[in-house]
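The values are calculated or read from the model by the stated rules, or taken from the named source; none is laboratory data. Not measured: the values here are computed from a predicted model. All Cβ positions, even for glycine, are placed from backbone atoms using ideal geometry, and neighbour counts span all protein chains on display.
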Amino acid sequence: MALAELNAAVLLLGLTAYAVLGGADFGAGFWDLTAGGARRGARLRGMVKNAMGPVWEANHVWLIFVLVVFWTAFPRAFGPVMQTLYVPLYLAGVGIIFRGAAFALRGEAATIVEARLLGGAFALASVAVPFFLGAVVGAVASGQVPAEGAGDAWESWTGPFPLYIGVLTVGAGAYIAAVFLAGDSVRVGQEDLARAFRWRALAAALVTGVLAIAGLFVARSQARGLYDGLTSGGGVVAVVVSALAGVVALALVWREHYEPARYASAVAVAATVAGWGLAQRPDFLPGALSLDEAAAGRPTQIAILVSMGIALLILAPSLWLLFRLTLAGRLDTDFHPIAAADRRDEP
């Protein structure tokens, strides 16, 4: 395998981790947004906060990982992507900042107005960020980014296919988050919330499945090269794996086996990301730039592989320990609903 393909595999690995872990993070915010009024949604929002608390910052390490590998290993593609898609990337970046700040400060709200503002910022950004990031992926996959210079700053990501991928990204995050939150609810003894998230997971799985199937028809008309890649070779294998994993996850959720469903749903999302990479191969920017043309020089590619290998030796065990402690309940805090002004120390 060529060095460029090895670096592309590393990039895809980081993107997959972010799609699964960061996607679940954003998806939890979707359920916060749709939880209902202050009183009816208080316990559900409390579960979102309880589950996200130990891991939400760690999940976004993968975004930094992806950006570093992209910038250094594929600079000829990085420039055009940033010049063309700076609007959705900027909006996603702003959303990540406001979302993180709102989540951190939300429990300190002193008034109902503050609580609503912070809660609204967190929930709305949780939907907006994956939508914009998905639109970026859709624009790249459908060949809207030229090899040189900048494409149209608006039309490049507001066509049918980029917008569809944005919606699909939101749906996939909501689905995987509901599965994770159902298991987390059982762990902290909130069986009614586990049932609530179970139904949400089933509904999100069906909606996302329909969107994924419809996406093949959208791709056929809007991104023919991607469609051809997804219906042949390694791309179709990834599509089949994703579909099978999704069905298995759906069955496990139906039978209330949430822990194995957690891993099956992650495989379904990971296979979808892998399918995109395999379908697009050997192009980095479809119709404009191949992997070899986009890649940095050989010394830089080797340095990236070595440095990322060292980074993963440190990062992977650390994250594994964090998630193991979290899933074992060692990092859980006392569950409590999030009311309008969340002050546990007040009568």
Would you be able to say whether some residue in segment 82-92 is surrounded by 20 or more Cβ atoms within 10 Å (Cβ to Cβ) and either over 18 Å from the mean Cα position of the chain (by Cα) or farther than 20 Å from residue 130 by Cα (or both)?
-> yes
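Which one of these is at pLDDT 90 or above and closer than 20 Å to residue 11 by Cα: 245, 249, 294, 264?
Details: 245 fails: closer than 20 Å to residue 11 by Cα; 249 fails: closer than 20 Å to residue 11 by Cα; 264 fails: closer than 20 Å to residue 11 by Cα.
Among 245, 249, 294, 264, only 294 is at pLDDT 90 or above and closer than 20 Å to residue 11 by Cα.
For segment 294-342, enumerate the residues that are aliphatic (A, V, I, L, M), within 27 Å of residue 81 (Cα to Cα) and outside any helix (DSSP H, G or I). Please lay out each step first, then the result.
Applying the first criterion (aliphatic (A, V, I, L, M)) to segment 294-342 yields 294-296, 302-306, 308, 310-316, 319, 321-322, 325, 327-328, 331, 338-341.
From what is left, the residues that are within 27 Å of residue 81 (Cα to Cα) are 294-296, 302-306, 308, 311-312.
Once the filter is applied, which keeps residues that are aliphatic (A, V, I, L, M), within 27 Å of residue 81 (Cα to Cα) and outside any helix (DSSP H, G or I), segment 294-342 yields 295, 296.
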Out of all the residues in segment 38-52, is one or more in contact (Cβ under 8 Å) with a residue 24 or more places away in the chain, touching a Phe, Trp or Tyr at 6+ places or on another chain (Cβ under 8 Å) and either of a type in the set (Phe, Trp, Tyr) or over 27 Å from residue 178 (Cβ atoms) (or both)?
-> no
Scanning segment 111-131 residue by residue, those within 25 Å of residue 166 (Cβ to Cβ) and among the hydroxyl-bearing types (Ser, Thr, Tyr) turn out to be 126
Say we look at segment 195-221 and pick out the residues that are of a type outside the set (A, V, I, L, M, F, W, C) and surrounded by fewer than 20 Cβ atoms within 10 Å (Cβ to Cβ); which of these is nearest to the chain's Cα centre (by Cα)?
-> 209
Considering only residues of segment 233-280 that are without any contact (Cβ under 8 Å) to a residue 60 or more places away in the chain and not in a helix (DSSP H, G or I), which is surrounded by the most Cβ atoms within 10 Å (Cβ to Cβ)?
-> 257
Taking residue 101 and the conditions (1) more than 29 Å from residue 204 (Cα to Cα); (2) surrounded by fewer than 15 Cβ atoms within 10 Å (Cβ to Cβ), which numbered condition does it fall short on, given that it satisfies the others?
-> (1)
How many residues, within segment 1-37, are without any contact (Cβ under 8 Å) to a residue 24 or more places away in the chain and touching a helix residue (DSSP H, G or I) at 6+ places or on another chain (Cβ under 7 Å)?
-> 1
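Suppose the filter is exposed (fewer than 15 other Cβ atoms within 10 Å of the Cβ) and in contact (Cβ under 8 Å) with a residue 24 or more places away in the chain; does residue 75 pass it?
Details: exposed (fewer than 15 other Cβ atoms within 10 Å of the Cβ): yes; in contact (Cβ under 8 Å) with a residue 24 or more places away in the chain: yes.
Yes: the conditions hold for residue 75.
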Restricting attention to segment 1-22, the residues that are part of a helix (DSSP H, G or I) and more than 24 Å from residue 168 (Cα to Cα) number exactly 5
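Kindly indicate whether residue 126 is of a type in the set (Ser, Thr, Tyr), more than 20 Å from residue 275 (Cα to Cα), in contact with a helix residue (DSSP H, G or I) (Cβ under 7 Å, 6 or more places away or on another chain) and surrounded by 22 or more Cβ atoms within 10 Å (Cβ to Cβ).
Numbers: of a type in the set (Ser, Thr, Tyr): yes; more than 20 Å from residue 275 (Cα to Cα): yes; in contact with a helix residue (DSSP H, G or I) (Cβ under 7 Å, 6 or more places away or on another chain): yes; surrounded by 22 or more Cβ atoms within 10 Å (Cβ to Cβ): yes.
So residue 126 passes the test.
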Among residues of segment 1-45, those that are of a type in the set (Gly, Ala, Ser) and farther than 26 Å from residue 61 by Cβ, counted = 7
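Might you check whether a residue that is in a loop (DSSP other than H, G, I, E, B), at pLDDT below 85 and crowded, with 17+ Cβ neighbours inside 10 Å occurs anywhere in segment 39-52? Give the derivation first.
Kept after step one, since they are in a loop (DSSP other than H, G, I, E, B), are these residues of segment 39-52: 39-41.
With the extra rule that they be at pLDDT below 85, the set shrinks to 39-41.
Cutting the leftovers down to crowded, with 17+ Cβ neighbours inside 10 Å gives us 41.
Yes, the conditions are met somewhere in segment 39-52.
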In segment 133-165, how many are closer than 21 Å to residue 284 by Cβ, not in a loop (DSSP other than H, G, I, E, B) and not aliphatic (A, V, I, L, M)?
-> 4
Among the residues of segment 167-220, which ones are within 18 Å of residue 257 (Cβ to Cβ) and basic (Lys, Arg)?
-> 187, 195, 198, 200
